[in-house]
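Asker: Below you'll find the structure I mean.
No value in this document is a laboratory result; all are computed from the given coordinates. Since this is a predicted model, take the numbers as computed values, not measurements. Cβ placement follows ideal geometry from the backbone for every residue including glycine, while neighbour counts extend to all protein chains displayed.
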Amino acid sequence: MVQAVHYLIEFCYTVRQDIQSQLTVQKLESILEKFFNAQDIFVESEVRKPNTHPPCQHFLIHYPKLICDFGAPNGLCSSITESKHIRAVKDPWRRSNRWNSLEQILLTNQRLDKLDAAKALFESQGMLNDSIIFNVNSNGKHLNISSIKTNILCFIYRNGCSFR
């Protein structure tokens with residue numbers, strides 16, 4: 001069992017290397033073969049039934065070919081794209097009224113992008129560090145409410161924002 005786990009971990013570490021060559025792909029295939037041979041202990045100890053493979057381990061056989069086709073995964077994980085999908089599609093869809101939802105999703109994403117850009121600008125100018133009343137600009141002067149409004153309106157005008 002320890003050998004099987006060792007080969008699985010070695011496979012995982014080899015896959016996560018930044019650079020993959022034909023030599024490392026051959027090494028992956030060799031490690032994978034050793035891993036599947038070492039798995040027999042799980043059948044012998046009756047942890048797993050004969051002629052069955054756990055579904056989560058089946059994907060391992062595709063890695064060498066996928067590395068040849070697409071290059072090193074560099075730690076890429078489907079959870080990264082899933083989290084982006086949730087923010088860009090699922091959450092805006094939930095906010096929509098489900099009628100003509102694509103247009104609503106795109107508009108929601110456009111507005112969220114503008115809010116993110118505004119937040120980045122305001123943080124770079126130190127406008128979000130403290131309370132609005134006691135905020136101090138780079139010259140050491142207190143910003144008043146009208147200068148904050150002016151900054152916001154200038155940002156909106158420069159970026160063509162529309163809040164309709």
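Asker: What helices (runs of 4 or more DSSP H), lying completely within the range 68-128, carry at least 1 residues that are in contact with a helix residue (DSSP H, G or I) (Cβ under 6 Å, 6 or more places away or on another chain) and surrounded by 11 or more Cβ atoms within 10 Å (Cβ to Cβ)?
Answerer: 91-95, 101-124
Asker: Quick check, is Leu32 surrounded by fewer than 11 Cβ atoms within 10 Å (Cβ to Cβ), without any contact (Cβ under 8 Å) to a residue 40 or more places away in the chain and closer than 30 Å to Met1 by Cα?
Answerer: Details: surrounded by fewer than 11 Cβ atoms within 10 Å (Cβ to Cβ): no; without any contact (Cβ under 8 Å) to a residue 40 or more places away in the chain: yes; closer than 30 Å to Met1 by Cα: yes.
Here the answer is no, as Leu32 does not meet what is asked.
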